[in-house]
């Protein structure tokens, strides 16, 4: 079975596991999605969404966020962690965007190709490939495959990729995932990585992909978790479905 065939098999099994899961591309404002994704780095979607809501409630618009004292922006987003660098990066990005384009809008990227958008947005501090990929998917409805820590971990355990970083996993899979399936695979792997294929103590005894998996410790975790009766916990909140 080659990697494309394996990906389609994974998709079919996870769609069966997570019936009714929303996998439609979004049409949210690209600047909103960019900032929400910057907030989501190294934290949970629930806390980063709270930080995003705080910004929206405490400031009239992104112009006010840009011009506010740094400490006020930091305090508004402290719930999501790493508030100091995130506040600085968001304000710096807004100031640079205003200087370059005369307004706080990313509507100019809508006519760009994907490669141009990656180049355009990754020049800002705190904006990496995964962040731009989320803008492409959840705002512009482009067929790209964002790779976060969950997608990276699961993809490597399944031997869909062999890499040390999410960025390398993205490079290995971006042209392998069949067209029209990239958002679905992204969303399903996040759900699966949170609920079953966890970083610590994965629930291999509950895994619908067990026979496809090449994780070296799967037999150990399948046995120990079956013995002590660990059950998966629901964690279905994805911030970019709510921006």
| request: Give the span of the chain's Cα atoms along each principal axis, as three whole-Å numbers ordered largest to smallest. | output: 56, 38, 32
| request: Taking the chain as the reference, fit the longest principal axis to its C-alpha atoms, fit the long axis of helix 218-228 to the helix C-alpha atoms, and give the angle between the two in degrees, 0 to 90, nearest 10. | output: 90 degrees
| Taking the Cα centre of each part, how many Å lie between segment 133-173 and segment 106-122? | 19 Å
| request: For the chain, find the longest principal axis of its Cα atoms and tell me its angle to the long axis of helix 83-101, 0 to 90°, nearest 10. | output: 60 degrees
| In the Gaussian network model of the chain, springs joining C-alpha atoms below 10 Å, which of 24, 216, 67 carries the largest mean-square fluctuation? | 216
| Using alpha carbons only, how many degrees (0 to 90, rounded to 10) separate the axis of helix 45-58 from the longest principal axis of the chain? | 20 degrees
| remark: Listed residues 36, 76, 199; largest mean-square fluctuation, Gaussian network over the chain with Cα springs below 10 Å, found at 199
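Coordinate-derived values only; no laboratory data. None of the values given here were measured: they were computed from a predicted structure.
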